[in-house]
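Step one of this worksheet: look at the structure below.
Computed from the coordinates by the stated procedures, all read-outs in this text should not be read as laboratory data. Source: prediction; values computed, not measured. Here the Cβ is made from the backbone with ideal geometry for all residues, glycine too, and neighbour counts use every protein chain on show.
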Amino acid sequence: MNIKINSQTLYKTVIQNNYCSGCGICTATANSPFTMQLTQNGQYLPEIKNELSATGTVCPFANDQPDETQIAKQLFENTGEQFHTKFGYYKNIYAGYVHTENFRMQGSSGGSVTWLTQQLLDKNLIDYVINVVEQHSPEIRFKYQVSTNTESNTKGSKSKYYPTNLEEVLSFVKQHQGRYALVGLPCFIKGIRLLQQTEPVFAERILFNISIFCGHLKSTHYLSSLISQFSVDEKAVKHFDFRYKIPGQKAADYGTKIITTGDKSFIKPNKELFGTNWGWGLFKLKACDYCDDIIGETADISFGDAWIPKYEDDYKGTNIIVTRHSVLDELIKTHISKGDLHFEKISPGELIQSQAGGFRHRREGLAYRLYLQQKKGDFVPEKRVKPEKIKSKKRRKIYKIRMQLQEKSFYSKHYNNIPALKIELLPLIHKLERVYEHSAWTKFRLKLKKWLKKQ
Ligand SMILES: Cc1cc2nc3c(=O)[nH]c(=O)nc-3n(C[C@H](O)[C@H](O)[C@H](O)COP(=O)(O)OP(=O)(O)OC[C@H]3O[C@@H](n4cnc5c(N)ncnc54)[C@H](O)[C@@H]3O)c2cc1C
Ligand code: SF4
Ligand code: SF4
């Protein structure tokens, strides 16, 4: 199976049809014709800097290449890993949080990603951490950095629902010998694994691939739409926090915090901000609707939020960790024993429960979206899920409306004018909610009928 793809083919298939997540991996192969650009729609896309040629490059969305299961099999099959049909290889699954220092309060959920990268630096297992940090600039709010010390590593804490790409940092890796750990979204990590198979320098240097779970990624317009609801000038915002923890609230009921150049800080619960309902998928990249890796199956370790009732009441946040690399699993076990980490093992069922919506949308929903795209006769990326006209009429309606919402919001010119955005989107949102209400009512009626029959 080919890993490299002809750059002309890549351009005509993935890029022109917008199945691109903007990861920037395709810029890192030798003689790549691509460089990353932020488009007016607020997403990164590769732009042609040299003439397109038959030069091979690498992309996690290209067809005719190993999928996540095949990549993970090569890496983890012989290292004593277990396999689950829904989320691939794993050694152990834990839920909990970091006890020591301020990692948890500074982090999105349990603070474990930043704790782990700090441990790798402190234990001299790596020289560099590659993570995403705030830029304090209105043009580019967040981007990948290479850090070597505690201060810059901890600046990478928190989830950024904002596009980034790996072009600059991969170029740094190529030029600087050293041992790296990279934190990325599942499709970024898949891309890195493919790159490591074609360009040995990345395999020699990037020693740990760390993934965060991913529901979907937003364009920059999502952040602009949130700022516009604070009645401050977008350019005057110097700090933006997508995941502000609100004492006394449920972990999922977090807020958005901004600080302006005059050092004024503003906080709003996300419930009060239009567009934060994750199920609507506003400003979502199209690629995310064609991605079937929720937890980062090809990474050495993956981190997510424990969206399970028993952890949700704690506003400070709780992680789920899925380990695959024995060094990282041992590190976690050692620090659980020492008391630095407060973690317990959980079952595969609980992991799936914590991401139930994500699995439904990216398995059943993906099958239907692939079916719809295939029917149009367009290019469709090959996935582990096969195209299918799913049986449930109600679910088909839900997925169709979600696709319309994605497209309409993504290309909307009113992203920072909420009244105008609402005029554009609310008819679709109400339509979606009516499908849910209708199905809840139908369920109730059927139950009632059954009960009456028994009487
Ligand atoms: C776009 C996106 C979608 C997500 N969807 C889900 C989901 O559906 N379900 C779920 O359980 N969890 C999801 N997460 C992960 C979750 O929000 C937390 O990041 C995760 O639980 C780790 O929390 P922590 O407290 O351990 O991490 P922290 O200690 O806060 O560290 C977070 C790490 O993630 C890195 N990071 C932040 N944003 C990005 C980014 N855009 N691209 C690459 N790296 C980044 C940071 O640099 C840092 O290294 C998502 C995160 C992102 C960025
Ligand atoms: S998904 Fe990544 S590798 Fe593929 S075309 Fe887009 S930027 Fe390039
Ligand atoms: S949903 Fe998939 S394609 Fe989208 S950013 Fe996350 S991992 Fe990448």
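Listing for the model above:
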{"read-out": "Unsatisfied cross-links (Cα-Cα over 22 Å) in the set LYS73/LYS190; LYS310/LYS383; LYS400/LYS447", "value": "LYS310/LYS383; LYS400/LYS447"}
{"read-out": "Relative contact order, percent, the chain [alpha-carbon distance under 8 Å, six or more residues apart]", "value": "18 percent"}
{"read-out": "Relative contact order of region 303-384, pairs being alpha-carbon contacts under 8 Å that are 6 or more residues apart, as %", "value": "24 percent"}
{"read-out": "Three-way shape call for region 217-283 based on the alpha-carbon gyration tensor, with the a/c threshold at 1.5", "value": "oblate"}
{"read-out": "Too-long pairs where the Cα-Cα distance tops 32 Å, listed order kept, from LYS250/LYS454; LYS91/LYS123; LYS158/LYS338; LYS158/LYS333; LYS86/LYS333", "value": "LYS250/LYS454"}
{"read-out": "For the chain, diffusion coefficient by Stokes-Einstein and Kirkwood Rh (Cα), 37 °C, 0.692 mPa s, µm²/s", "value": "143 µm²/s"}
{"read-out": "Residues whose placed amide H lies under 5 Å from that of LEU341, excluding near-sequence neighbours", "value": "HIS99, ILE336"}
{"read-out": "Cα centroid separation - region 378-416 against region 203-261, whole Å", "value": "24 Å"}
{"read-out": "Prolate/oblate/rounded label for region 252-294 (Cα gyration tensor, a/c 1.5)", "value": "prolate"}
{"read-out": "Amide hydrogen neighbours beyond the local backbone of ASN92, cut-off 5 Å, H modeled", "value": "THR323"}
{"read-out": "Point-to-point label distance, GLN8-LYS316, nm (Cα→Cβ direction, 7 Å offset)", "value": "5.9 nm"}
{"read-out": "Counted charge near GLU424, where neighbours are those whose Cβ lies closer than 14 Å (Asp, Glu -1; Lys, Arg +1)", "value": "+3"}
{"read-out": "3J(HN,Hα) from dihedral phi, region 231-236, Karplus parametrisation 6.51/-1.76/1.60, rounded to Hz, x for glycine, proline", "value": "6, 10, 5, 4, 5, 7"}
{"read-out": "Distance (nanometres) between label positions extended 7 Å along Cα→Cβ at LYS375 and ASP263", "value": "5.9 nm"}
{"read-out": "Extension reserve of the ASP64-ALA420 stretch, reckoned as 0.36 nm per residue once the Cα distance is removed", "value": "123.9 nm"}
{"read-out": "In Hz, Karplus ³J(HN,Hα) per residue of region 127-141 (6.51, -1.76, 1.60; θ = phi - 60°; x = Gly, Pro)", "value": "9, 9, 10, 10, 9, 9, 10, 6, 9, 6, 9, x, 6, 10, 7"}
{"read-out": "Span-like helix ranges in the chain, DSSP H, alpha carbon extent 24 angstrom or more, Kyte mean at least -1.0", "value": "418-454"}
